[in-house]
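The values are calculated or read from the model by the stated rules, or taken from the named source; none is laboratory data. These numbers come from a predicted model, not from an experiment. Neighbour counts are summed over all protein chains in view; Cβ atoms, including those assigned to glycine, are modelled from backbone coordinates with ideal geometry. Heavy atoms of the whole protein, side chains included, go into the accessibility calculation; ligands, DNA and RNA do not. Shrake-Rupley method; radii C 1.70, N 1.55, O 1.52, S 1.80 Å.
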There are 4 protein chains.
Amino acid sequence: MKVKIKSEFDLIPEEGWRRKIYEVVYLSETRAGKIFDIILLILILTSTVLLMVETIPIIRLQYHKEFYYIEFFITLIFTAEYFLRIICVKDRDEYIFSPLGIIDFLSIVPFYISLFFPVWHFVGIIRMLRILRIFRIFNLADYMHDGKFIVSALRHSSRKIYIFLLFMVIFIVIIGALMYVIEGGKNGFSSIPQSVYWAVVTITTVGYGDISPGTPLGKILSIVVMLCGYSIIAVPTGIVTSEFRRQRKNHIVCNRCGNDDNDDNARYCKICGEKII
Amino acid sequence: MKVKIKSEFDLIPEEGWRRKIYEVVYLSETRAGKIFDIILLILILTSTVLLMVETIPIIRLQYHKEFYYIEFFITLIFTAEYFLRIICVKDRDEYIFSPLGIIDFLSIVPFYISLFFPVWHFVGIIRMLRILRIFRIFNLADYMHDGKFIVSALRHSSRKIYIFLLFMVIFIVIIGALMYVIEGGKNGFSSIPQSVYWAVVTITTVGYGDISPGTPLGKILSIVVMLCGYSIIAVPTGIVTSEFRRQRKNHIVCNRCGNDDNDDNARYCKICGEKII
Amino acid sequence: MKVKIKSEFDLIPEEGWRRKIYEVVYLSETRAGKIFDIILLILILTSTVLLMVETIPIIRLQYHKEFYYIEFFITLIFTAEYFLRIICVKDRDEYIFSPLGIIDFLSIVPFYISLFFPVWHFVGIIRMLRILRIFRIFNLADYMHDGKFIVSALRHSSRKIYIFLLFMVIFIVIIGALMYVIEGGKNGFSSIPQSVYWAVVTITTVGYGDISPGTPLGKILSIVVMLCGYSIIAVPTGIVTSEFRRQRKNHIVCNRCGNDDNDDNARYCKICGEKII
Amino acid sequence: MKVKIKSEFDLIPEEGWRRKIYEVVYLSETRAGKIFDIILLILILTSTVLLMVETIPIIRLQYHKEFYYIEFFITLIFTAEYFLRIICVKDRDEYIFSPLGIIDFLSIVPFYISLFFPVWHFVGIIRMLRILRIFRIFNLADYMHDGKFIVSALRHSSRKIYIFLLFMVIFIVIIGALMYVIEGGKNGFSSIPQSVYWAVVTITTVGYGDISPGTPLGKILSIVVMLCGYSIIAVPTGIVTSEFRRQRKNHIVCNRCGNDDNDDNARYCKICGEKII
C-alpha cells in the first residue's frame, strides 16, 4: 500500500522573507496560512460554480459581463499565487512538475488562452481539481488515508480490470456487429459504431433508450445480452472487493529476514520461521 | 459496533396515574399497551397512504373533503398522544429531544402550519418515519439488531464513501464540462449543469434517456464514461462488503498459542484447546 | 444450511401395479421412467412456449384454433398424470400438499377455469414452474446442491434485506413527496404515488425515462438521489456476499457436546474443548 | 485453477527453412518475429476498425471502393499467413483445431463467402478475436495470468450462475405474463414475449423505457419487480466475489498444530513456527 508522496519539507527555504511567504502559501499551521487557505478554497469553489452557472443561457444573457470580470479577477489572484509559490519554494522544478503544481498551472492557463480562442474557456473547469487541497487545509489525515486506500486498491486491481475491459470490448464489438446485421440498419442501428454504442449502453445497464431493438430477433439477442451483462457486472465488483479485503490486512515485517508479507495474526515469520514480537 | 441507545427505564415515573399512562403509551407489555400501539400503527399507515393517494387528481376531486376530515382527526389523535407522552414521562427533555420525540413532533406540526400555508401540507409525509416504532411494538429484537448492524456498517464505511463521492463529483463535473463543449450546447446539453446532470444519470447507470449524446465524438466519450462507471460501481460495493465482513466477527486471541481467529462465542481455542478467559 | 426435504421413499407403495406406475411416474431409474420424464419435460416446455407465442396478435389470428387444441391436449395429459400420481402414491396428502403437488395442481386448474372465465387463461403460465423437475430428471445433484446453497444464503440474509427494504421504502416515499412538491405536479409528477414510482425507477437505477425531472431544483434533488442510490446499492450486495462466505464454511460437529458451529479448521471444539477428530 | 494450455514447443519443427519461418510466424523472440507480430497486430486493428467505420452510411458512399480494396488486401495477407502457419508447424491438426487456429480460419473465410453472399461480410468482425494474440506478442505473462484467474473464477461459479439464471428466467416469464394480463395488451405490452422483454429490461436495471407500464396496477407491480431486482442483483455478485476470494488462497495445513491458514508461499507455520514441507 505504498504511495510515493513528496515530502514537502525539502522544499522549505531556510529563512528570510521567502520562508515567511512559504509558511503562508504552502502551510496552514499559522493563522495567516489558515486564512490564506480558506480564502483560496472559497475562490476555487466560486470560480468552479461560476464557470458552470455561466453556461445557462438565461443567466449568460443577463450577467455575462459580471461573470467575466469576477473570473478575470479570480484568475489574476490564482496567477499571483502561482508565482508566489514558485518564488518562495526552494526547489522550483520540484513544485512545478509535481501533480499539484501542474494542476495549479492548468487552472490559470486556459483563461489566458481563451482570450484568443474562446473555446478554451471551459477547460478552466480543471481548476476544480484544486479542491483536492481540502485534505491539507483541514488536516484531514484520516480521510487522506482512506483516499489513498481506495486509490491503492484500484491500482492493485487495475491489471485485472484492464483485462476484463479488453474481453468486454471484444464482446461488445461482436454483439454490435451482430445487432447491425439483425436489425438491418434500422431502428437506430444505422452503423456498427452506432450498434456498438447501443451494446455499451445495454451491457453497462445504463439503457438510455435512444436506440432499442425493434425486430423480434433483435429483442431476443438483447435479452441474452442483458442477462449476460447482469452476470458479468459481478466481475469488477468481485475483483475490487477481494482487493479491498487484501489491502485491509496489516502485514507484519519480520525482523530477521525482512519478509513484510506476514499476516497480522502470525506468530512466526512464514519465510524464516523467526518468532515475531 | 456500539450504537448509543437511550435506556427507556430512566424515563418511567415511579407510580400513580402517570405510571399507568406511561405503561400504555410507551410500553407494549400490557394488553392496553399492545392495543394502543397497534391502533397507533394503523393510524400511521392510514395517514401516510391517505396523504399519498390524496394527490391523485381524480381522487382529490371526489374525496377532497373526506380526506381532509380524516387527516384532521388523525392529527388530533397524534397531538393528544404527543402531549400524553410529554405529560407521563419522567424527564421531558429526554423524550422531546430524542429522535423519536422529534419525529413525533414533526408528524403533527406540518398539518397545523398547512392551515395557513397549504404548501406545508405534504411535509406531513414525514410522519411515515413513525413506522420505525414497529420494531418496538412487535418486539422485533432480532430485526432491530440487524438494522443496527446495517447502520453501523454504513457508518463505519461512510468516510471512505464520502471520499469516493468527492472523487466522483470532480470526475462528473469535468466530464459534464467536456460534453458541453463537445456537443456544442445541443442535444439537451444546453449548459454545464445540464451536462453534469447527464453525467450523473450516466455514471450511476440510471440512464433516463431524456438527454443523450448526438454527435459521434459525444457518443465515444459516453462509451468511455459508461465503461468507467461500470468499473467504478465496484468501489462502494467493495467498501461496504469488506466492512460487513469486518463487523461480522469479533475475533478472540488465545493466550497460549496466540491464534486470534477464535469466534466471539468460543470458550476454548479452536487450535490448541486452551480455555479462553 | 439445513433445508427440509421430504424423503420420497415414504411414499413408495410396497408392491403390485401401483408400485410399477409409481416407478414410471415418480422415479427415473427405469427406462420407462426416463422416457416418461423426458416426454413430460418436452410437454411442459411446449406448453409454456405456446402460451407465450399465442399472445402475439399476428400468430393468434392465424393459429388460434390449432393452439387451443394442442393446449387442450397437453392439459388432458397433465390431468391424467396428476391423477396417476395421486393414485399410485402411498400417502396421498403428502403428495397433494407438497410444493410439487401444488404446482402440478395449479398447472391444470387454470385451463379448466378459463373455459368459463377466459382471463384465467394466462394463469396457466404457472405450469412453467414444473420445469424445476429438471433437477430430478437429469439427476443434477450438484446443481440442486448449488440451488439450495443460493436459496439458503438468501433465506439467511432475508431478515437484513427486509429491514433494508423498509428503510428504502421510507426513503423512497419521502423523496417521492418532495419531488411532487418541487415539480409542482408537472413533468409527469402528477401525484405522490406517481412520484414514488419515479423514485423507485431512479434509486434502483432502472431509469425508464417515462418520468424525469424538468425543473432545475428537481434535477439537483435527482442528482442527490442517484448518488445516494449508487452508494446504497452496495448494501444488499454486501449482505448477500458476506452470507455467501459464511455459508461456504463447512461447520464441524463436536462429538461430545454436539456443538455444530465449529469452523472447518478447528482442532478443538470451541464450546467444550474436546479434541475434534 | 488449472487451465489446459497447449504447449507450443511440441509444434516446433527441428530445423531447416520451416524452422526459420516458424520462428518468425509463431514466436516473437527474434527481431523478425517481433516485427511480423506488430505488423499483424496493426493489420488486425485496421481491419476491425475499417469493417466498423465502413458501415457508416456517409462514409460508405464516399469510400466504398477504397475500403473494399484495403480489406481485400488485408484478407490476402491473413490468408497467406494462415497457410504459412500450416506449412511450417510440425503437427498441422494441432494448430488447425486449436482455438487460435480456428479463429485464424474464421477471420479469413467470411470475406471469401461474402464475395457470393454479401450478408456474410460482417461476420468478418470475428477477426477481432485475433487481438487476443496481444498477450503473446508483448509477452504479457502477468496479464495473461490475471486473465486466466478471471476465466477460472467465472468457470468455477458458472454452475451457480446457471441455476440463478434458471430461477430468473422462470420469475421473468411469470412476471411477463402477469404484466400482459394487467396492462391488457396496451402500453407496449402487446404480447407475453414483449412483456418478457420488458421484464428482462427492468430486472437487469437496463430500463430503456421503450415499454413502460401505464396502468396504476402495472406500476405497482413494476415497483415490486424493481425492488426485487435490486435485491437479487446481489446474488451473482455474491457468487463471483466469494469465488474470487476462494481462488486467491491455497491454504497449507501445518502438520504440528493443524493451523490451515498458512499462505501458499509459507515455509514455516505462522502459528507454531513448524517448518512446512
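Ranking of B:S195, B:S212 by solvent-accessible surface, largest first: B:S212, B:S195 (1.4 Å probe, protein heavy atoms only, all chains present). Normalised size of chain C, defined as Cα radius of gyration per 2.2 N^0.38 Å with N residues, equals 1.42.
Identify, among B:I203, B:L166, B:I239, the residue whose Cα sits farthest towards the positive end of the charge dipole of the stretch B:148-250, taking +1 on the Cβ of Lys and Arg and -1 on the Cβ of Asp and Glu, with the dipole about the Cα centre. Result: B:I239. Within the protein assembly as shown, the percentage of alpha carbon pairs spaced more than 59 angstrom apart rounds to 21%.
Computed with a 1.4 Å probe on the full set of protein chains, the accessible area for B:M168 sits at about 10 Å².
Please compute the Kirkwood hydrodynamic radius of the stretch C:148-250 from all pairs of different C-alpha atoms, in Å with one decimal.
Working: mean 1/r = 0.0670 Å⁻¹.
Taking the inverse mean of 1/r over all distinct Cα pairs, the stretch C:148-250 comes out at 14.9 Å.
Translational diffusion coefficient, Stokes-Einstein: compute it for the stretch A:47-86 using the Kirkwood radius over C-alpha pairs as Rh, at 10 °C and 1.306 mPa s, and state it as an integer in µm² s⁻¹.
The calculation lands on 145 µm²/s.
Computed about its Cα centre, the charge dipole of chain C is approximately 560 debye, with only Lys, Arg, Asp and Glu carrying charge at their Cβ. Rg/Rh, computed from the Cα trace of the stretch D:195-251 with Rh as the Kirkwood radius, has the value 1.23. Relative contact order of chain D, taken over Cα pairs closer than 8 Å and 6 or more residues apart, is 13 percent. Computed on the stretch C:8-139, with alpha-carbon pairs under 8 angstrom and 6+ residues apart, the relative contact order is 29 percent.
Checking understanding here: applying a Kyte-Doolittle mean of at least -1.0 and a length along the axis of at least 30 Å (C-alpha), which whole DSSP H helices in chain C pass? In chain C, the long hydrophobic H runs are C:31-53, C:57-88, C:141-183.
Measure off 7 Å from each Cα along the Cα-to-Cβ vector at C:Y63 and C:D142, then give the distance between these two points in nanometres to one decimal. Going from the C:Y63 label point to the C:D142 one covers 3.6 nm.
Copy-to-copy label distances for C:H156, where each label lies 7 Å from Cα along Cα-to-Cβ, are 1.8, 1.8, 2.6 nm in order of increasing length.
Taking every alpha-carbon pair within the stretch C:47-120, the share separated by more than 13 Å comes to 71 percent. For chain D, D:C88, D:C228 have no disulfide-compatible partner, since no other Cys C-beta lies under 4.7 Å from theirs. Excluding the site residues themselves, the longest part of chain A lacking any chymotrypsin sites (Phe, Trp or Tyr not before Pro) in a DSSP loop with at most 10 other Cβ atoms within 10 Å is A:117-277. Residue order by solvent-accessible surface for C:R85, D:R246 is D:R246, C:R85, largest first, with ligands and nucleic acids left out and a 1.4 Å probe.
Here the stretch B:1-120 is assigned +1 on the Cβ of each Lys and Arg and -1 on the Cβ of each Asp and Glu. Its dipole about the Cα centre then comes out at about 80 debye. Seen through its C-alpha gyration tensor, with square-root eigenvalues sorted a ≥ b ≥ c, the stretch C:23-73 comes out prolate because a/c lies at 1.5 or above while a/b is bigger than b/c. The residue list A:G33, A:Y68, A:I56 was ranked by how far each Cα lies along the charge dipole of the stretch A:15-75 toward its positive end, using unit charges on Cβ atoms, and A:G33 comes out on top.
Roughly how large, in nm² to one decimal, is the mean projection of the convex hull of the alpha-carbon atoms in the stretch A:66-162?
8.9 nm²
The charge dipole of the protein assembly as shown, taken about the Cα centre with unit charges on the Cβ atoms of Lys, Arg (+1) and Asp, Glu (-1), comes to about 1580 debye, rounded to the nearest 20. Using +1 at the Cβ of each Lys and Arg and -1 at the Cβ of each Asp and Glu in the protein assembly as shown, identify which of B:T79, B:S191, C:C257 lies farthest towards the dipole's positive end. Farthest towards the positive pole: C:C257. Each helix, a run of at least 4 DSSP H residues, gives -39500 (n - 2.57); summed and divided by the residues of chain C, these come to -21000 deg cm²/dmol at 222 nm.
If you look at the Cα atoms of the stretch C:74-225, you get an Rg and a Dmax of 23.6, 70 Å.
Projected area of the stretch A:8-139, taken from the Cα convex hull and averaged over every viewing direction, in nm²?
8.4 nm²
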